[in-house]
Each structure stands twice: as C-alpha cells, then as structure tokens.
1. Quick test of your reading of the structure: A:TRP203 fulfils all but one of (1) at pLDDT 90 or above; (2) in contact with a Lys or Arg (Cβ under 9 Å, 6 or more places away or on another chain). Name the failing condition by number.
2. Among the residues of region B:234-243, are any part of a helix (DSSP H, G or I), out of contact with any helix residue (DSSP H, G or I) (no Cβ under 7 Å at 6 or more places or on another chain), under 25 Å from B:LEU201 (Cα atoms) and hydrophobic (A, V, I, L, M, F, W, C)?
3. Are there any helices (runs of 4 or more DSSP H) wholly within region B:270-380 with 2 or more residues that are surrounded by 20 or more Cβ atoms within 10 Å (Cβ to Cβ) and modelled with pLDDT of 90 or more, and if so which?
4. Only one of (1) within 21 Å of B:VAL169 (Cα to Cα); (2) assigned to a helix (DSSP H, G or I); (3) not basic (Lys, Arg) fails for B:PRO252. Which number is that?
5. So, of the residues in region B:180-238 that are within 14 Å of chain A (Cβ to nearest Cβ), of a type outside the set (Gly, Ala, Ser) and within 14 Å of the chain's Cα centre (by Cα), which turns out to be nearest to B:GLY272 (Cα to Cα)?
6. Conditions first: (1) farther than 21 Å from A:LEU43 by Cα; (2) over 31 Å from the mean Cα position of the chain (by Cα). B:PHE253 passes all but one, so which condition is the exception?
7. Is it true that A:THR118 is touching a residue at least 40 places away in the same chain (Cβ under 8 Å) and in contact with an Asp or Glu (Cβ under 7 Å, 6 or more places away or on another chain)?
8. Quick test for you: out of A:SER93, A:SER85, A:SER115, pick the one residue that is crowded, with 17+ Cβ neighbours inside 10 Å and assigned by TED's automatic domain parsing to the domain that holds A:ILE56.
Amino acid sequence: MPTEEREWLDSGFISQEQFAAIEDIREGRVFSISSELQGLLYLGVLLLATGTGIIIYNHIGSVGHLIAIGLIAILCAGSYWYIFSRSVDYSPSKTDDPNPYYGYLTLLAALLSASLLTYLQLQFEAFGDQWSWLTLVTAALFAYIAYRFDHIGVLGLAITSLASFLGLRIEPDLFNPSITLDGLYYYNTGIVLAIALAVIGLWLKSKEIKDHFTPVYMQFAALLGLLSAMSATSDLGLVSWYSVAAIVLSACSVYYAFRVKSTWYMLYGVSVAYIIVSAWVIHFCWEVLDGDNIILLFLYFTASPIVPLLLILKSRRRFK
Amino acid sequence: MISAYTIEQISALRHQLKARKWLKAGLVNQDKHDLIVEAYPSNLYRVKLAMAALLFLGGTVVVIGLQLTIAMSFLNELEDLLGFPTLIMGLLVLVFAEWLLIREQCHHRTGMLQAVYLHGLQLLIASSAYFFDDNEIIVVLTAFILSLLASLRYMDRFALASALVCFGVFVFQLFDSFDGMMVYFVPIFLAICYGAAAFWLDRLSKSGEHWMYGDLINAGKLFSLILMYISVNVLVVSSGGNLLMNLDGQLPFAWLFIALTILLPLTMFYFGWKNRDRILLNIGGIGAVLSVPSIKLYFEMPTNEFVIAFVGVLLIVTAILLIRYFSAARNGISSAKEQGQSSSILKILEAAQAFQQGEKPTTDTFGGGEFGGGGAEGKF
C-alpha cells in the first residue's frame with residue numbers, strides 16, 4: 001500500500017519525526033474526539049433552550065410556573081456568571097475562547113435570556129402590547145453578547161431578531177403570487193435591511209472592528225436582498241423595478257464573490273440572475289410569441305446556461 | 001481498470017489533498033505544502049462545493065433543455081420506437097461525459113460531470129423500462145448495476161449512495177413478488193446485507209489493496225452503516241409497513257425492531273470507540289440519539305418539556321466533563337481539536353508520546369521542541 005507520507009519522507013519533504021507524528025494519527029494511536037464532544041454539547045444547548053421555551057409556553061399562569069421560571073432564571077444567571085468570570089477583555093479583533101465549551105455556554109446564556117424576556121412580556125407585559133419591541137430588545141441583547149464575547153452564532157441570532165422586529169419572515173407561500181400592500185412593505189424592508197447589513201459589515205471591516213463578523217453580515221445581506229427582490233418580482237410581475245433590483249443585487253453578489261474569492265456569493269448571484277432572465281424569456285415567448293414557438297424556449301434552456309458555465313469554468317482559478 | 005482516471009492522476013490528487021490535510025493540522029508548514037503540491041501536479045479539475053452546486057444546476061438545465069429540444073423535434077416520427085432513441089441518447093450523453101469532460105478537460109466531481117453522467121444513466125434506465133415492459137424489478141436492478149458501475153468509473157460517492165439505495169428497493173420488490181411472508185423479512189435481510197457490505201469495505205480499507213478507491217470505500221462503509229440502521233429502525237420499518245403493505249401499525253416482530261433500534265447504534269458506538277473508528281463512532285452516536293425520538297414516536301408518547309430540558313442539562317454536563325477529562329490525552333484519546341485554525345493536535349501527540357513512554361522507549365521527539373508552527377522545518 002503506497003502511503004503518500006512515506007514518499008514525502010523518502011523525498012525529504014518531511015522529517016522522520018513528522019512522519020512518525022502523522023503515522024500516529026493515521027494508525028489511530030492518537031485519536032481526537034473534539035468534534036463529537038462539540039456535537040454533544042450543541043445538542044444539549046439546543047434541547048435545554050427548546051425545553052425551557054416549551055415550559056414557558058405551556059405553564060405560564062399555572063401554579064408551578066414560578067418554580068420553572070425560577071429554575072430557568074438560575075440557569076441563566078449561572079451561565080452569565082460563568083461567561084463573564086472567564087471572559088477576556090473586549091477587543092475589536094478576534095479573541096480566543098478560554099476553553100472548548102465556552103462558546104456553547106455563551107450561546108446557552110443568549111437563548112435562555114430570550115426565553116426569560118419572553119416570560120417577562122407574557123406575565124408582566126413589560127412592553128405593553130408592543131410585542132415587536134421584545135424582539136428589538138432581544139436583538140440588542142444578542143448583539144451585545146456577540147460583540148462582547150466574540151460569538152458569530154449569537155450575531156446571526158441578533159440579525160434574525162432584528163429582521164423579526166421589522167416584520168420579516170419566511171413562509172412556505174413566499175413565492176405564491178398575491179399582491180398586497182403588506183407584501184410591498186416586506187419586500188422593501190427586506191431589500192433595505194439587506195443593503196444596511198452589507199454597509200454595516202463592510203464599514204466594520206474597514207474600521208477593523210471584529211472584521212471576522214463581516215461574512216455573517218454579507219451572507220445575510222446577500223440571501224435577504226436576493227430573496228426579497230426575487231419574491232417581489234414573482235409577486236408583482238416582471239414589469240417592476242424589483243426585477244431590475246434583483247439583477248443589480250445579483251451583479252453585486254457576483255462582484256463581491258470575485259472580491260473575497262467566495263464561491264457562495266457566486267452561486268447566489270448567478271442563480272437569481274438566471275431565474276430572472278429566464279422568467280423574462282418565458283414571458284416573451286408566452287406573451288409576445290403567444291406560445292406558438294415553444295421550441296425557441298427549449299433552445300433557450302439548452303443554450304443559455306452555457307455562457308455562465310463557461311465564465312465560471314474560466315474564472316475558477318480566481319477562487320482558489 | 002474500470003476507473004475513468006489514471007493511477008497517476010489519482011495519486012497526484014491524493015498527495016495534494018493529504019498535504020492540505022496535514023497543513024491544516026499544523027504538521028506540515030505552508031512552504032512544504034507548496035513544495036509537495038508542486039512535486040505532484042494534478043491535472044484533475046476540481047471545484048469548491050458552491051461552485052460544484054452551480055455547475056450541477058447549469059449542467060442539468062443544459063442536458064434537459066437539449067433533450068427536450070430533440071424530443072420535441074422528432075417525437076412524432078419516433079413515437080413507436082421510443083426505447084431506441086432514449087438508449088442512444090443516453091449512450092451519447094455518457095460518451096460526451098467521457099470524451100469532453102473527462103478526457104479533454106479532466107473533470108473530477110465538478111458537479112457538471114455528475115449532471116451529465118447522471119442524466120445519461122437516467123436515459124439508459126428509462127430505455128430499460130421500455131424494453132422490459134415497465135418490469136419494476138428489472139428497472140431497479142438496472143439502476144443498481146449502472147449506479148454501481150458509475151460510482152467505480154467516476155469515483156463518485158453520490159452514485160455509490162444511489163446504488164446502495166437501489167439495492168434496497170430491488171430486494172424489497174423481489175421479496176414482494178413472492179407470495180407469503182417473505183416481504184416481512186426484508187428489513188432484517190437488508191440489515192444483514194448492508195452490515196456485511198460495511199464489514200467487507202472496512203476490511204478492504206484496512207488492507208489498502210485498492211488504495212485508489214480509498215475515499216469511495218470509506219464512503220461506501222458510511223452509507224452501508226446508515227442504511228443498516230435505517231433498515232431496522234422501528235419507526236422507519238413501521239411507517240414503511242403502513243405505507244407499502246397497509247399494516248395499520250401492526251408491525252410483526254415489533255420487539256425485535258425496538259431492540260435493534262436501541263442496541264445496534266450502541267454496538268456501533270462501542271466498536272467505534274474500541275477500534276478508534278470515526279465512522280462507526282459517529283454513526284453509532286447519531287443513531288443512539290435518533291433512537292430516542294424513533295421509539296417515542298412509535299409509541300406515540302407525548303412530549304414532556306421537563307424531560308427535554310433535563311436531558312439538555314445532562315448532555316451539557318456530560319460533554320463538559322468529558323472535555324475536561326480528555327483535555328489531557330488518555331490512552332491516546334483527546335478532546336483537543338485535530339483540524340482547523342486552533343488545531344491542537346501537537347499537544348495530543350506530545351501527550352500520546354508521554355503515555356507511550358511508559359510502554360516503550362522513544363526518542364525525545366517533541367519534548368520542548370519547536371514543532372508548533374515550524375514543525376515541518378524539522379526543528380524538534
């Protein structure tokens with residue numbers, strides 16, 4: 001059996017000690033169970049957060065709810081005590097966690113805080129009947145935790161909560177055509193929030209404030225902006241500025257893909273642009289040609305992906 | 001050789017991938033990595049996951065568009081002989097994949113290659129349906145054989161997974177075609193077959209005889225173990241029985257499936273731990289977790305939020321205790337990261353060395369040396 005590492009040893013690329021170290025791992029004499037334990041920890045955090053959420057939902061107002069809430073409050077306080085007591089000072093650059101489970105306990109503290117805030121609103125109506133303010137406060141708390149304890153996952157939660165405050169949500173009938181005033185509000189809000197997130201992400205990067213968070217802002221911005229523009233086009237018809245917005249946002253996504261050498265933005269941009277352009281072609285064949293020359297449509301679908309595919313194949317080296 | 005790629009091509013690719021792996025683990029530095037990549041140049045064209053997804057989508061649109069265009073143009077003339085043009089079209093698509101994508105452009109798991117050859121296979125399978133009067137057993141058998149051959153030819157894990165699933169469907173249809181109780185033995189028979197496949201692939205992997213197919217063999221073992229667990233999972237068997245055989249929840253030998261749903265993953269986990277086999281360990285662990293909702297749903301037990309929260313606390317505490325316990329490597333097992341930016345594999349190795357020193361004399365390889373970061377320079 002030819003092992004590549006032995007060839008490297010014979011060719012002088014690695015030393016005998018390096019070869020021995022690699023062999024130790026290959027033969028299983030050294031075995032890391034880090035990813036397995038992290039998975040276990042993540043599952044535990046999810047179960048605990050889900051369980052507490054259901055406890056509050058099911059037992060609010062019942063006799064035993066104070067005990068349950070008391071337990072959750074103790075867990076929450078314990079988590080915060082732990083993460084504050086072990087945390088390093090705030091730094092605008094990336095900081096390392098003091099131990100492998102610190103990040104998970106930070107996530108747990110954030111999720112339990114959200115549960116407690118929900119309870120306060122349910123029981124004491126802390127924000128009156130303005131439920132949306134609860135999501136804004138939650139978003140602010142998540143953002144603080146994310147920046148203070150350098151946690152990318154909690155930043156994602158903060159952005160999701162902010163979108164929720166603005167009334168954005170993804171529903172199964174997202175692409176179901178129905179023109180409503182509410183729909184217009186959601187599409188505009190989605191596009192504006194996407195642009196805002198992209199601007200914030202790039203500005204923070206330029207100021208070198210937690211610049212490793214920028215990909216999170218940009219991922220949310222790309223997905224939110226493109227989805228909003230595309231569903232608006234689907235909802236309001238191709239003859240609207242949303243189809244132009246979808247093409248412009250796709251172009252921005254592809255440009256950013258080349259800039260940061262990330263193939264994901266390429267995937268988003270090219271896919272959405274192709275769907276919008278194809279919708280225009282189908283519209284043209286159906287409305288203008290009255291569906292008589294359907295073979296044109298098949299020819300379009302045969303030939304049309306070839307150009308972007310060739311571009312992708314030619315540009316592959318720029319993504320290495 | 002059945003593979004579409006030469007030994008030299010695959011060998012060079014393995015060198016590059018391994019150099020990258022050890023670079024990530026911090027055992028080879030960037031300069032040495034670059035030297036290795038330069039010494040073993042690979043002309044195989046590979047892309048990242050997102051790019052592969054894009055190429056797959058694009059490739060699929062092109063081949064389907066082409067097929068529809070041709071079909072719309074000639075359908076009237078060929079209506080009575082639909083099987084032959086489908087067969088010829090399928091073969092032509094495969095020839096296109098072989099000549100243009102592999103021989104000329106050296107595509108290797110690029111997404112586009114998968115889109116094209118999968119489409120060719122679908123056409124061949126469709127033509128078999130025409131030639132054998134929609135005989136389901138023969139169609140599925142054809143799909144199994146073609147997928148298996150494609151997985152070996154293109155070294156593609158997706159085709160291998162497809163072949164293993166097709167085998168399961170084939171066995172079910174074959175047993176179903178017999179009268180009597182035979183169909184009830186399908187889950188156990190499949191579990192034995194997939195288990196035997198996993199065992200055989202494990203032996204094959206350890207022998208190193210077919211090193212060229214190393215990745216495919218490991219993937220085959222993984223898929224076989226997953227399918228083995230699915231075959232005996234009480235919820236899957238019960239739902240499948242209700243759907244395909246109208247069992248109405250009356251699952252024969254239910255106790256056996258309940259026992260296997262719990263015991264099989266635990267057995268896998270045990271042997272994974274004992275033999276330090278990551279595939280077995282992970283499938284066993286995930287299976288053990290999944291067995292809880294499986295049993296719960298089978299018996300239609302209500303969700304108890306206090307139990308969920310309690311199990312969550314239990315898992316967190318257990319994981320933290322294990323992380324702390326294995327932070328100093330014990331018997332070579334460690335909770336330190338092996339890959340990634342904060343890889344601490346060097347610490348594990350030092351600990352393993354320290355442990356082994358009690359058993360056999362070793363040279364003072366890592367003690368106080370300058371392995372970290374500059375380990376590849378040989379200054380230990």
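1. It is condition (2) that A:TRP203 fails.
2. Taking region B:234-243 as the starting set, the residues that turn out to be part of a helix (DSSP H, G or I) are B:234-243.
Okay, now just the ones that are also out of contact with any helix residue (DSSP H, G or I) (no Cβ under 7 Å at 6 or more places or on another chain), so B:239-243.
Subsequent filtering for residues that are under 25 Å from B:LEU201 (Cα atoms) retains none.
Within region B:234-243 (the criterion being part of a helix (DSSP H, G or I), out of contact with any helix residue (DSSP H, G or I) (no Cβ under 7 Å at 6 or more places or on another chain), under 25 Å from B:LEU201 (Cα atoms) and hydrophobic (A, V, I, L, M, F, W, C)), the answer is no, since none of the residues qualifies.
3. Working: elements: B:278-298, B:305-325, B:345-356.
Where helices (runs of 4 or more DSSP H) fall fully within region B:270-380 and carry at least 2 residues being surrounded by 20 or more Cβ atoms within 10 Å (Cβ to Cβ) and modelled with pLDDT of 90 or more, they are B:278-298, B:305-325.
4. Going through (1) within 21 Å of B:VAL169 (Cα to Cα); (2) assigned to a helix (DSSP H, G or I); (3) not basic (Lys, Arg) one by one, B:PRO252 breaks only (2).
5. So in region B:180-238, the residues within 14 Å of chain A (Cβ to nearest Cβ) come out as B:202-215, B:217-218.
Among the residues that remain, those that are also of a type outside the set (Gly, Ala, Ser) are: B:202-204, B:206, B:209-213, B:215, B:217-218.
Of the ones still in play, those that are also within 14 Å of the chain's Cα centre (by Cα) are B:202, B:213, B:215, B:217-218.
Details: B:ASP202: 12, B:TYR213: 22, B:ASP215: 19, B:ILE217: 17, B:ASN218: 14 Å.
Restricting to residues being within 14 Å of chain A (Cβ to nearest Cβ), of a type outside the set (Gly, Ala, Ser) and within 14 Å of the chain's Cα centre (by Cα), the top hit is B:ASP202.
6. All conditions are met except number (2).
7. On the way: touching a residue at least 40 places away in the same chain (Cβ under 8 Å): yes; in contact with an Asp or Glu (Cβ under 7 Å, 6 or more places away or on another chain): no.
When the stated conditions are applied, A:THR118 does not pass them.
8. Numbers: A:SER93 fails: crowded, with 17+ Cβ neighbours inside 10 Å; A:SER85 fails: crowded, with 17+ Cβ neighbours inside 10 Å.
Of the residues listed, the single one that is crowded, with 17+ Cβ neighbours inside 10 Å and assigned by TED's automatic domain parsing to the domain that holds A:ILE56 is A:SER115.
The values are calculated or read from the model by the stated rules, or taken from the named source; none is laboratory data. Small disclaimer: the values here were computed from a predicted structure and weren't measured. Glycine also receives a Cβ, built like all others from the backbone with ideal geometry; neighbour counts cover every protein chain displayed.
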